[in-house]
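Read the figures in this text as sums done on the coordinates, not as results from a lab. Note that the structure is a prediction, hence the values are computed from the model and not measured.
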Amino acid sequence: MLGAQVGFDSFFFGRIDYQDREKRKKEKTLEVVWRGSKSFGSSAQIFAGAFPENYEPPSGFYFEVNAESPVVQDNMKLFDYDVQERVNDFVAAAVAQFSAET
């Protein structure tokens, strides 16, 4: 397994079983220190985690083709300039994710 022995600090699972994800969300164990080998001891420890919603971005920040997320309007000359609002929305989403995991 690619991990601490090859210099990785962490890894995240993009997809896990939905039942496992729900259980981990409920128990607040989406992020763990994985001790993958008794023989290597703590030198084999690695921070591991699973994304709370697979590998999707927070709601409202999905900028793929045909996505319905609003764009970030960063031109201050336009009436719908919204950088501070979008930053606040993103920070709120990050805080909500953190709160759900701790």
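Quick look at the numbers
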| quantity | calculated |
| --- | --- |
| Between 0 and 90°, nearest 10: helix 18-27 axis offset from the chain longest Cα axis | 90 |
| Helical mean residue ellipticity (222 nm; -39500 (n - 2.57) per DSSP H run of 4+; nearest 500) of the chain | -9000 deg cm²/dmol |
| Share of Cα-Cα pairs in the chain lying beyond 16 Å, as whole percent | 69 |
| Tilt relative to the chain, helix 83-101 - C-alpha long axis, 0 to 90 degrees, to 10 | 30 |
| Cross-link partners of Lys38 among lysines (Cα-Cα below 29 Å; sequence separation of 8 or more within a chain) | Lys23, Lys25, Lys26, Lys28 |
